[in-house]
Amino acid sequence: MLNLITYFYSAPFVPGILLADVWHGKHSALEPAGTAASEIATLFWAMAVGAAVIWLSMIVLGVYCFRTHQGMHPPRLPWFIIGGGMAVPSVVLAVLLGFGLSAMPRLVGPAPEGSLRVHVTGEQWWWRVSYEHPQGLDTQRVELANEIHLPVDRAVEFVLDSADVIHSFWIPSLAGKVDTFPGRETRLVVTPTSEGVYQGICAEFCGGAHAWMEFTVVVESPEAFDAWLAEQATPSNTLHDEGATRGRTLFRQQGCGACHSIRGNVARSRVGPDLTHVGSRHSIAAGRLPNDRLSLVRWLRDPKGLKPEALMPSFAMLSDEDLESLAAYLHGLK
Ligand code: CUA
């Protein structure tokens with residue numbers, strides 16, 4: 001019976017890993033593109049092999065016991081049970097424990113000298129990202145939302161905190177997850193090893209729109225990263241077509257600047273996401289929608305319908321033409 005219980009206990013891990021999003025896809029932890037993620041993937045495979053060894057030895061024992069009639073146990077049976085039921089699992093688990101502990105210093109060690117520092121604040125339900133200014137002006141941060149660019153093969157230290165509740169910052173392809181707390185800083189060191197576009201998510205239930213709290217991580221060459229950061233540090237370029245000009249006026253009239261900041265415009269508030277270069281981002285509303293004019297109109301009209309409990313107010317009282325002008329202005333902020 002003990003063997004049967006062990007079987008049912010360990011069997012779910014097989015369909016679990018086959019169905020999990022970690023196997024392939026945008027949240028894959030098993031296609032690592034960073035040193036910490038490689039470490040974690042190796043640890044996962046070692047654990048999976050160890051679990052398979054224990055599971056198989058339990059199955060063999062179970063089958064053997066069922067096929068041996070009561071009262072006819074051969075003299076070797078006690079040793080068989082002690083060996084397969086106790087010695088094998090103990091040895092396998094001890095080896096796995098040692099292997100896991102040996103990886104810990106490499107996963108939680110301090111950031112190397114000269115690491116890039118990126119500050120990330122979890123908010124319901126998006127991520128505020130800020131870089132120290134490229135010209136070294138520590139007081140002036142380059143701020144954006146839900147998007148992080150990193151140079152390949154350079155260590156980055158994320159300094160994490162939260163504005164409201166506990167969130168969890170996780171880029172499965174690059175590293176393990178770290179919780180973010182209000183009033184307390186946590187840190188995560190990441191060294192990306194392959195250029196590409198990766199997805200990050202919030203991995204801690206944090207309220208109604210928890211599942212819509214994604215962000216994009218772009219790993220690029222050091223030259224491309226420097227150019228991107230220098231561009232982010234500049235004020236917005238604005239489109240000068242008729243729609244965008246109308247949209248800029250509407251942005252002021254509707255009081256959008258009470259929550260949002262656009263460097264180069266009058267808007268300076270830090271309640272909601274910084275919109276200085278919003279038109280150049282991969283998505284809007286923390287991964288909820290692609291970044292195009294139509295999606296911006298949908299978002300302005302019905303934020304709570306798209307993202308439950310979102311704090312962004314609805315602008316459904318505006319006409320279609322007004323919403324399209326606002327979208328044209330915002331999408332032009334590159
Ligand atoms: Cu933030 Cu879940």
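The values are calculated or read from the model by the stated rules, or taken from the named source; none is laboratory data. Predicted, not measured: the structure shown is a model, and the values here were computed from it. No Cβ is skipped: glycine too gets one built from the backbone with ideal geometry, and neighbour counts run over all protein chains shown. In case anyone asks, the SASA skips ligands and DNA or RNA and just uses the protein heavy atoms, side chains included. Shrake-Rupley method; radii C 1.70, N 1.55, O 1.52, S 1.80 Å.
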Gly100, sole failed condition from (1) assigned by TED's automatic domain parsing to the domain that holds Glu214; (2) open to solvent by less than 60 Å² (accessible area, probe 1.4 Å); (3) not in a strand (DSSP E or B): (1)
Elements of type strands (runs of 3 or more DSSP E) contained in region 115-163, each with 1 or more residues being open to solvent by 30 Å² or more (accessible area, probe 1.4 Å), at pLDDT 90 or above and farther than 17 Å from Thr234 by Cβ: 116-123, 156-162
Cβ-Cβ under 6 Å pairs, at least 6 apart or on other chains, region 231-247 side under 14 Å from Lys334 (Cβ atoms), far side of a type in the set (D, E, K, R): Pro235/Arg263; Asn237/Lys334
Qualifying position, being at negative phi and at pLDDT below 90, among Thr249, Thr238: Thr238
Inter-residue pairs, beta-carbon under 9 Å, first farther than 11 Å from Arg248 by Cβ and in region 260-274, second modelled with pLDDT under 80 and open to solvent by less than 30 Å² (accessible area, probe 1.4 Å), 6+ apart: His260/Ala267; Ser261/Ala267
Residue match in region 13-33 (condition: at pLDDT 85 or above and open to solvent by less than 40 Å² (accessible area, probe 1.4 Å)): yes
Failed criterion for Val266 (all others in (1) within 16 Å of the ligand (Cβ to nearest atom); (2) over 25 Å from the mean Cα position of the chain (by Cα) hold): (1)
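Here's the yes/no breakdown for (1) buried (at least 22 other Cβ atoms within 10 Å of the Cβ); (2) of a type in the set (A, V, I, L, M):
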| site | (1), (2) |
| --- | --- |
| Leu289 | no, yes |
| Arg293 | no, no |
| Lys304 | no, no |
| Ala310 | yes, yes |
| Ser314 | no, no |
| Ser319 | no, no |
| Asp322 | no, no |
| Ala328 | yes, yes |
Per-region count, region 184-220, residues assigned to a strand (DSSP E or B) and among the hydrophobic types (A, V, I, L, M, F, W, C): 10
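Let's see how each residue does on (1) more than 15 Å from the ligand (Cβ to nearest atom); (2) in the same structural domain as Ile40 (by TED's automatic domain parsing); (3) crowded, with 21+ Cβ neighbours inside 10 Å; (4) at pLDDT below 95:
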{"residue": "Ser173", "(1), (2), (3), (4)": "yes, no, yes, yes"}
{"residue": "Pro182", "(1), (2), (3), (4)": "no, no, no, no"}
{"residue": "Arg187", "(1), (2), (3), (4)": "yes, no, no, yes"}
{"residue": "Cys202", "(1), (2), (3), (4)": "no, no, yes, no"}
{"residue": "Gly207", "(1), (2), (3), (4)": "no, no, no, yes"}
{"residue": "Ala211", "(1), (2), (3), (4)": "no, no, no, yes"}
{"residue": "Phe215", "(1), (2), (3), (4)": "no, no, yes, no"}
{"residue": "Val218", "(1), (2), (3), (4)": "yes, no, no, no"}
